[in-house]
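Q: Before I ask anything, let me first share the structure, which is written out below as structure tokens.
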Amino acid sequence: MSTLGINVQSVDKSFGRGDARTVVLKKTGFVAETGHLTMLIGPSGCGKTTLLSIIAGTLHADGGIIEVLGQRLDQMRGNAIAKFRARNLGFIFQQFNLIPTLSATENVSVPLVIQGLSSTRAERKAREVLEWVGLSDHADFLPAKMSGGQQQRVAIARALVHEPPIILCDEPTSSLDSENGRHVMDLLRQAATQRECLVLVVSHDNRTYRFADHMAEMEDGQIFRTLKTKDEIRTHHPPGV
Amino acid sequence: MIRIGLKMLFGDRGKYVMLISGITFSTLLMAQGMALFCGLMTWTYSSLRNMRAPIWVTDPKVEQCNDSKPMRDTDITRVRSVDGIAWAVPLYQGISMAKLADGSAKMITLIGLDNDTLIGAPTKIIAGRLEDLRMPNTVVLDDLGVERLSEGRERPIGIGDIFEINDREARVVAICKSYRSFTGGPFVFTTYDRAILYAPNQRKMLSFILVAPQPGLSDEALARRIAERTGLGAFTHDEFKWSTVMWYVRNTGIPINIGTIVIIGFIIGAAISGQTFYSFILENTRHFAALRAMGASSGELSAMILSQALIVGVIGYGTGLGLVSFLGNNLLRLGKVPFLMLWQITAIVGAAVMIIVAISAVIGIVRIARLEPAIVFR
Amino acid sequence: MTMLFSRFSFYLALAGMAYAGMLVLRLSAQDPVLPPPHAPTTTPFTNSVAAAGIVEAQGENLSLGVPVAGLVTAVYARVWDNVQPGQPLLQLDDRELRASLIGQRARVLVAEAAEARQRGMLARLEKVADSRAIIREELETRRSDVQVAQAELAFACATVAQTEALIERLTIRAPRAATVLQLNTRPGEFVMPGAARPPMLLGDLSYFQIRADIDEQVAPRVRPGMKAVGFLKGDTQKPIQLEFVRIEPFIVPKTSLTGSSIERVDTRVLQLIYRCQMADENAIYVGQQIDLYLQE
């Protein structure tokens with residue numbers, strides 16, 4: 001079963017004022033479904049990160065409808081959005097953004113702590129998820145003691161630990177080698193299929209395109225093409241090119 | 001969340017030590033300055049501490065206890081004629097020169113105690129007997145006096161040794177402990193009549209009258225009554241103490257000089273801690289932004305920053321206080337440096353430290369509140 | 001919070017605060033106000049006027065005077081002697097007077113002899129029966145010669161008596177019953193009338209008299225007959241009950257203790273006279289200072 005997890009209609013966003021004003025999103029529309037890995041691709045500066053930020057509620061759109069899990073984010077205010085995020089969204093960042101002074105387990109437990117769980121319960125849950133990503137033997141390591149791939153897997157565990165319906169990923173593989181990148185993407189796919197998540201990946205790493213269920217291509221602030229099947233994706237983005 | 005905040009703080013050992021040192025240094029400067037000031041102020045009223053009496057009667061123009069404007073002998077009977085007096089005895093206090101065996105002279109504070117009662121006599125006698133003061137030409141020397149008057153002698157001046165005060169013989173019969181005076185001269189105690197013989201002859205010699213009220217009458221009430229009936233100045237112990245301290249505050253540059261040290265301590269502390277804390281926040285901006293993106297509210301982030309600042313403040317303050325106490329205690333042993341640690345000082349310094357960390361925290365909080373969480377996606 | 005307890009800096013700070021706390025406690029500990037080494041005098045009355053007094057003998061002290069300057073040859077009394085009126089106390093050197101007495105006594109003999117001769121000559125003349133044989137005038141002359149000789153004899157006797165009286169005056173006698181308080185002269189010393197230090201100080205010790213000085217500023221509070229207690233200097237705990245005698249009508253300048261020659265009078269004092277019995281012979285002495293409290 002697939003439903004519309006994300007439904008964005010005619011969103012505008014511009015930065016700056018006067019002559020310095022740059023329009024990033026122009027009446028952009030975008031949808032993504034639960035249970036699929038949707039990939040948002042496009043060249044640098046096309047506005048895909050801005051769109052992701054708006055979907056995450058960390059950036060306010062100038063206008064338009066942003067509906068996530070049936071909630072109108074554009075009509076919610078600061079703390080309500082924060083609460084919504086804490087409950088429903090998992091994040092994976094390009095630079096992993098693990099807190100360097102916390103161990104892997106502690107880092108993973110952060111979203112649960114934000115939701116108000118006690119640290120012991122949060123850490124027990126975190127260990128389970130770390131096992132799922134295959135890092136149970138690194139549970140007490142500090143991020144600096146781990147490789148990039150391991151760090152990103154910790155980040156994935158962190159994004160999954162509170163079982164959010166939506167996981168947003170910003171270039172998750174761009175600072176990883178191909179081996180680790182593949183591993184990460186595998187995990188994300190499993191999250192989408194096994195855990196019934198909506199996984200939205202912003203990427204311009206064509207090595208990862210084959211993991212996508214759906215694909216939205218963006219240019220100059222517009223989604224100019226949406227590919228709905230693996231075949232279409234393979235046609236337009238043949239692997240190994 | 002606070003736990004995470006503290007982990008972030010403790011994890012960065014270099015910054016943490018830097019932050020603590022800033023507050024410690026600031027606490028040290030401020031507390032040391034204030035303790036020095038308070039210590040110096042206690043020196044100004046050491047006469048009051050050495051000669052304990054409930055009420056001090058003085059010439060009406062006297063404001064502080066090192067000032068001697070003598071009264072007439074009959075003033076003591078006038079004071080005794082005020083109702084409610086349990087007793088009233090004379091006290092001579094004056095600066096004299098003590099001549100040593102080698103011919104050098106040292107300044108001393110000569111104290112003449114009432115012949116009969118020895119009221120105002122030192123309470124801590126280290127050696128000898130106070131009673132022997134009733135023998136002719138005898139004095140009691142304080143420990144500082146022993147140090148000063150022993151210069152040029154083969155062995156320290158002791159009981160039975162003789163020196164001269166204004167060309168008159170003075171024989172030491174006892175050695176006492178006393179509080180140091182602001183003028184720096186040691187205290188030499190003798191009887192009132194003998195003090196008058198020792199001191200340079202003046203028309204009036206009665207420096208102070210020490211008075212105690214009858215049971216059931218407060219010191220203040222009796223002091224007011226004495227002042228009203230006799231026209232003399234009358235202070236309770238505490239009033240005279242504060243009058244003395246305020247006189248020194250008004251008439252010397254001590255408060256300004258030491259106040260400057262304290263303010264510099266505050267500014268340095270605020271600058272170092274504020275700066276370090278700000279850079280700590282700046283360095284962790286990305287992590288705060290990530291936390292924000294993951295749904296932490298502004299209140300939670302503020303609480304995190306506040307608790308970080310608070311811990312830095314408390315630990316830096318405690319360390320600084322311990323350091324200043326250790327320093328002060330060892331200075332006190334030497335006995336040459338004024339140092340008085342009051343709970344008020346710890347409270348004021350604590351408050352100042354809290355202001356410093358509050359300022360630092362507010363700067364951090366403002367910085368984080370302005371943060372666009374979207375930066376984590378860039 | 002558990003991670004706080006595992007930090008060294010936390011314990012350092014805790015120790016610092018504890019140390020500072022201990023120092024604060026130690027430094028803020030006030031010295032206890034100890035009772036005076038010796039209990040001071042306190043007034044037994046609720047309202048009282050205080051005065052400084054001096055002990056005198058009853059009817060004030062008597063400074064013995066000498067009539068003339070001279071050498072002391074004998075002292076008949078010692079201190080503590082109770083002397084009766086007229087009892088000799090001092091003997092001044094009378095040798096000069098006694099020396100002149102020898103001549104004066106001889107002169108009496110000369111005068112007696114001269115008088116006897118004149119009287120004889122008159123008698124012989126008067127025995128001549130023939131009145132014509134004697135010139136009447138001659139007889140008159142003889143008679144007056146006898147009178148002159150008698151007058152000269154009387155004069156010589158008077159001179160002796162005068163010298164004897166002067167000798168008697170050199171024995172100084174007690175003017176009234178008293179006790180010798182002080183003896184300032186010894187045989188062989190020279191005394192002068194009006195000297196600052198009298199050769200002998202006498203006083204009646206059946207009572208002690210206390211002269212109390214009261215500052216003129218407090219004087220208006222003084223009433224005749226005020227009850228009083230006194231404390232001798234050096235004995236602050238044994239009050240002596242005093243009996244009012246009188247108020248001196250004349251206010252005198254306060255005699256200060258400094259004894260400087262350039263002294264100025266600061267204040268004047270009203271003097272009150274009290275007296276007390278000699279209770280214990282050794283307890284109270286003339287000249288002693290005494291603190292008084294007068295009941296108001």
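Please treat every number below as a calculation from the coordinates, not as lab data. Here the structure is a predicted model, which is why all the values come from computation and not from measurement. Reconstructed Cβ throughout: ideal geometry from the backbone, glycine too, with neighbour counts over all protein chains shown.
Q: Contact order normalised by length for chain A, with contacts defined as Cα pairs under 8 Å and 6 or more residues apart; what percent is it? Working shown, then result.
A: On the way: 491 pairs, mean separation 65.0, N = 241.
Contact order relative to length: 27 percent.
Q: Take each complete run of DSSP H in chain C, measure how far its Cα atoms stretch along the helix's own axis, and keep only those covering 24 Å or more with mean Kyte-Doolittle hydropathy at least 1.0; list them.
A: Details: long enough: C:8-28 (30 Å, 1.44); C:95-127 (48 Å, -0.35); C:136-169 (50 Å, -0.28).
Within chain C the helices that satisfy the rule are C:8-28.
Q: Next question, about the same structure. I'd like the distance separating the alpha-carbon centroids of region C:105-147 and region A:22-47, in whole Å.
A: 186 Å
Q: While we're here: Net charge near A:Gln152: determine it from the other residues with C-beta under 14 Å of the C-beta of A:Gln152, scoring Lys and Arg +1 and Asp and Glu -1.
A: Within the 14 Å Cβ shell, the charges total -3.
Q: Work through the residues other than A:Glu217 whose Cβ is under 13 Å from its Cβ and net out their charges, Lys, Arg +1 and Asp, Glu -1.
A: Working: positive: A:Lys48, A:Arg225, A:Lys228; negative: A:Glu219, A:Asp220, A:Glu232.
With Lys, Arg at +1 and Asp, Glu at -1, the net is 0.
Q: Using only Cα atoms, tell me the angle between helix A:78-88 and the longest principal axis of chain A; keep it within 0 to 90° and round to the nearest 10.
A: Value to nearest ten degrees: 60.
Q: On to the next question. Across peptide C:45-57, what mean number of C-beta atoms from other chains lies inside 10 Å of a residue's C-beta? Before the final figure, lay out each step's value.
A: Details: counts 1, 3, 4, 5, 5, 10, 4, 5, 1, 0, 0, 0, 0.
Mean number of neighbouring Cβ atoms from other chains: 3.
Q: Please compute the net charge surrounding A:Gly42, taking Lys and Arg as +1 and Asp and Glu as -1 over other residues with Cβ under 11 Å from its Cβ. Spell out each step's value before the answer.
A: Working: positive: A:Lys48, A:Arg225; negative: A:Glu217, A:Glu219, A:Asp220.
Taking every other residue near A:Gly42 into account, the sum is -1.
Q: Beta carbons within 10 angstrom, averaged per residue: use that to sort the peptides B:361-372, A:56-67, highest first.
A: Details: B:361-372: 16.5, A:56-67: 19.0.
Ranked from most to least packed, the peptides come out as A:56-67, B:361-372.
Q: Right, something else. At 7 Å along the Cα-to-beta-carbon direction for both A:Ser14 and B:Arg171, put a label point, then send me their distance in nm to one decimal.
A: 10.8 nm
Q: Mind checking the angle between helix B:298-334 and chain B's longest principal axis? C-alpha axes, 0 to 90 degrees, to the nearest 10.
A: Result, in degrees: 30.
Q: Given H placed on each backbone N at 1.01 Å, which residues far from A:Ile167 in sequence or on other chains put an amide H within less than 5 Å of it?
A: A:Gly90, A:Leu198, A:Val199, A:Leu200
Q: While we're looking at this one, here's another question. Consider a paramagnetic label point 7 Å from the Cα of A:Gln115 along Cα→Cβ; state which residues of region A:65-89 have an amide N under 13 Å from it.
A: So the set is A:83-89.
Q: For helix A:178-194, report the angle its Cα long axis makes with the longest principal axis of the Cα atoms of chain A; keep it between 0 and 90° and round to the nearest 10°.
A: 80 degrees
Q: When the expected Rg is taken as 2.2 N^0.38 Å, what fraction or multiple of it is the alpha-carbon Rg of region B:72-231?
A: Details: Rg = 17.0 Å, N = 160, 2.2 N^0.38 = 15.1 Å.
Cα-based Rg divided by the globular estimate yields 1.12.
Q: What is the average number of partner chain Cβ atoms found within 10 Å of a Cβ in B:200-208? Mind showing how you got there, number by number?
A: Numbers: counts 0, 5, 2, 7, 3, 3, 0, 0, 0.
Averaged over the peptide's residues, the number is 2.
Q: Let me ask something additional. Just for chain A, what percent of DSSP beta bridges are antiparallel, to the closest 5? The partial results should precede the final answer.
A: Details: 20 of 38 bridges.
For chain A, the DSSP antiparallel bridge percentage is about 55.
Q: Using only DSSP helix segments of four residues or longer, with each worth -39500 (n - 2.57), what per-residue ellipticity at 222 nm results for the protein assembly as shown after dividing by its residue count and rounding to 500?
A: Working: 23 runs with 371 residues, N = 915.
Mean residue ellipticity at 222 nm (helix-derived): -13500 deg cm²/dmol.
Q: Provide the percentage of antiparallel DSSP beta bridges, counting only those with both residues in region B:72-231; round to the nearest 5. If you can, show how the numbers build up before the last one.
A: Numbers: 26 of 36 bridges.
The antiparallel proportion sits near 70 percent.
Q: Counting other beta carbons within 10 Å of each Cβ, put C:Val222, C:Val33, A:Val24 in order, fewest first.
A: On the way: C:Val222 17, C:Val33 12, A:Val24 22.
Sorted ascending by nearby Cβ count, the order is C:Val33, C:Val222, A:Val24.
Q: With equal scatterers on the alpha carbons only and no solvent term, can you work out the Debye log10 of I(q)/I(0) for region A:140-241 at 0.22, 0.24 1/Å?
A: -1.26, -1.40
Q: Another question, if that's okay. Charges only on Cβ, +1 for Lys and Arg, -1 for Asp and Glu: so what's the dipole of region B:72-231 about the Cα centre, in debye to the nearest 20? Write out the running numbers ahead of the final one.
A: On the way: 21 positive and 21 negative charges, 55 e Å.
Computed about the Cα centre, the dipole is about 260 debye.
Q: What is the calculated FRET efficiency for C:Ala116 to C:Asn184, with r their C-beta to C-beta distance and R₀ = 51 Å, to the nearest 0.05?
A: Using R0 = 51 Å, I get an efficiency of 0.45.
Q: Run through the DSSP bridge list for the protein assembly as shown and note the antiparallel percent, rounded to the nearest 5. Kindly include the intermediate steps, with their values, before the conclusion.
A: Numbers: 107 of 135 bridges.
The answer is about 80 percent antiparallel.
Q: Cα centroid distance between region B:1-52 and region A:81-136, in Å?
A: After rounding, the separation between the Cα centres reads 39 Å.
Q: Then there is this: Could you check the simple spin-label distance between B:Val366 and C:Gln30, using points 7 Å along Cα→Cβ, in nm with one decimal?
A: Each label point lies 7 Å from its Cα, and together they span 4.6 nm.
Q: If you plug each phi of region C:211-226 into the Karplus form 6.51 cos²θ - 1.76 cosθ + 1.60 with θ = phi - 60°, what whole-Hz ³J(HN,Hα) values come out, in order, with x for Gly and Pro?
A: Running phi through 6.51 cos²θ - 1.76 cosθ + 1.60 with θ = phi - 60° gives 9, 9, 8, 10, 3, 4, 6, 9, 3, x, 7, 7, 10, x, x, 5 Hz.
Q: Also, I was wondering about something else. Across peptide A:112-120, what mean number of C-beta atoms from other chains lies inside 10 Å of a residue's C-beta?
A: Numbers: counts 0, 8, 9, 3, 2, 0, 0, 4, 0.
Across the residues of A:112-120, the mean count of other-chain Cβ atoms within 10 Å is 3.
Q: What percent do you get for the relative contact order of region A:97-225 when only Cα pairs under 8 Å and 6+ apart count?
A: Working: 159 pairs, mean separation 27.9, N = 129.
Result for region A:97-225 is 22 percent.
Q: Taking neighbour Cβ counts within 10 Å as the exposure measure, how do A:Ser14, B:Ser302 sort from fewest upward?
A: Numbers: A:Ser14 14, B:Ser302 17.
Going from least to most buried by this count: A:Ser14, B:Ser302.
Q: So, one more: About the Cα centre of chain C, what is the dipole size in debye to 20, counting +1 per Lys and Arg Cβ and -1 per Asp and Glu Cβ, all else neutral?
A: Details: 31 positive and 32 negative charges, 45 e Å.
Dipole magnitude for chain C comes out near 220 debye.
Q: Along the Cα→Cβ direction, 7 angstrom out, place labels at B:Ala221 and C:Lys227. What is the inter-label distance in nm?
A: For the pair B:Ala221/C:Lys227, the computed spacing is 2.4 nm.
Q: Provide the gained length on full extension for the span A:His236 to A:Arg207, in nm with one decimal, where the gain is 0.36 nm per separating residue minus the Cα-Cα distance.
A: On the way: separation 29, 0.36 × 29 = 10.44 nm, distance 1.36 nm.
Extra length from A:His236 to A:Arg207 when fully extended: 9.1 nm.
Q: Now for a different question. Find which of C:Leu71, C:Pro37, C:Ala114 sits farthest along the positive direction of the dipole of region C:35-161, computed with +1 on the beta-carbon of Lys and Arg, -1 on that of Asp and Glu, about the Cα centre.
A: Comparing the listed Cα positions along the dipole, C:Ala114 ranks first.
Q: Measure out, as a whole number of angstrom, how far apart the alpha-carbon centroids of region C:8-36 and region B:225-283 sit.
A: First find each Cα centre; the distance between them is then 21 Å.
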